[in-house]
1. Condition (residue is assigned to a helix (DSSP H, G or I) and within 24 Å of K238 (Cα to Cα)) applied to the stretch 150-168: is it met by at least one residue?
2. If we scan the stretch 111-120, do we find a residue that is of a type in the set (V, I, T) and within 14 Å of V42 (Cβ to Cβ)?
3. Hey, R230 hits all of (1) closer than 24 Å to V14 by Cα; (2) open to solvent by 70 Å² or more (accessible area, probe 1.4 Å); (3) touching a helix residue (DSSP H, G or I) at 6+ places or on another chain (Cβ under 7 Å) but one; which does it fall short on?
4. For the stretch 126-142, give me each residue that is open to solvent by less than 70 Å² (accessible area, probe 1.4 Å), at pLDDT 85 or above and either outside any loop (DSSP other than H, G, I, E, B) or of a type outside the set (A, V, I, L, M, F, W, C) (or both).
5. Please give the number of the condition V62 fails out of (1) open to solvent by 30 Å² or more (accessible area, probe 1.4 Å); (2) touching a strand residue (DSSP E or B) at 6+ places or on another chain (Cβ under 6 Å).
6. For the condition of a type in the set (A, V, I, L, M) and touching a residue at least 12 places away in the same chain (Cβ under 8 Å), what is the one hit in L269, L277?
7. Does the stretch 249-259 contain any residue that is under 29 Å from W128 (Cα atoms) and touching a helix residue (DSSP H, G or I) at 6+ places or on another chain (Cβ under 6 Å)?
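The values are calculated or read from the model by the stated rules, or taken from the named source; none is laboratory data. Remember, predicted model here, so these are calculated numbers, not experimental data. Here the Cβ positions follow ideal geometry from the backbone for every residue, glycine too, while neighbour counts run over all protein chains shown. Protein only, heavy atoms only, side chains kept; ligands, DNA and RNA dropped before computing areas. Shrake-Rupley method; radii C 1.70, N 1.55, O 1.52, S 1.80 Å.
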Amino acid sequence: MNESPLHPRVVAVVVAYNRRDLLVEVLDGLAAQRTPVAKVVVVDNASTDDTIAVARAAGDLVDLTTLHRNTGGAGGFAAGMALALERHEPDWLWLMDDDTVPTEGALAALLAAVDGTEIVAAGSRVVWTDGTEHPMNTPRQKPFVGKAERVAAAHSGGIAVRSTSFVSMLVRADVVREVGLPIADYFIWNDDFEYSTRVLRGRRGLHVPASVVVHKTKVLGSTDADPGPRFYYEVRNKLWMFRRSQSLSPFEKAVYGASSIRRWIRTFLRSDDRAVLRDGWRRGYRDGTRTRPRPNAMALAGLGDASEAVRAVEG
């Protein structure tokens, strides 16, 4: 650790793609934190709008990296986290998308909850623009949690969790170096589920209701909402996770696998275009069972400083 435990060094990582107006709000929200962030690493995922200009206009607080190809949220976070670790010596990384606007006390509440504890990752309460709890970012409470951990979580004003979302996830930097980065080849969907469960396997995580961020999605919907062609990534990545990842125990894989099947059935039954979902299932099942994600060094090759940082962090 680089600073006093009372004043840890926090570096935010924001992945941006073609949402310049929302990025303005995100960066304004980060600049207005009552407990200031040390730096904001913005990863521009080959945007075609003026996202780059917005990031540059934010001044010295922002460290901007522009990728010449879109690596998805998974690749963007892997690159941004690696750059944050290599350039800025953080104690904690604070992860969020470019449509996640933190309230001014969001970081202070997260840090207050983890101070002096064994917590290695913490997530915020996520609401939509009308203040409604956002169903897309509901954390998974830790099953069979022991009394000591449950009491400690309550004492910190939170709830013990087994997973959390990249829509405001605070994660300890030394643990990131230990477990590695998000898997870039996931591209979108389930990258935060796989990563947060990997971070929290055998460790403690916390949901902090006092920390609030606004997830400005176009509509208020859960992961059961009809994803259209993106259903491919849901199927492929879940199969990759259950078959390849060590983030879950065998028992957990059985439990969460059954839950995923039920969710897929609900999604299919509610869909207005089942042919698209059938195609996504067919291709996702094929690739999820016949392929595996590439190492990050390969998936993120040719991206300059980002590639170098990834290789340095993951060896």
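1. Scanning the stretch 150-168, I find no residue that is assigned to a helix (DSSP H, G or I) and within 24 Å of K238 (Cα to Cα), so the answer is no.
2. No, the stretch 111-120 contains no residue that is of a type in the set (V, I, T) and within 14 Å of V42 (Cβ to Cβ).
3. (3)
4. V126, V127, K142
5. The one condition V62 does not meet is (1).
6. Of L269, L277, the one residue that is of a type in the set (A, V, I, L, M) and touching a residue at least 12 places away in the same chain (Cβ under 8 Å) is L277.
7. Yes, because at least one residue in the stretch 249-259 is under 29 Å from W128 (Cα atoms) and touching a helix residue (DSSP H, G or I) at 6+ places or on another chain (Cβ under 6 Å).
One line per residue, one yes/no per condition, for (1) farther than 22 Å from A108 by Cβ; (2) modelled with pLDDT of 95 or more; (3) surrounded by fewer than 21 Cβ atoms within 10 Å (Cβ to Cβ); (4) of a type in the set (V, I, T):
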site	(1), (2), (3), (4)
A154	no, no, yes, no
I159	no, no, yes, yes
M169	no, yes, no, no
R172	no, yes, no, no
E178	yes, yes, yes, no
L181	yes, yes, no, no
D185	yes, yes, no, no
W189	yes, no, no, no
E194	yes, yes, no, no
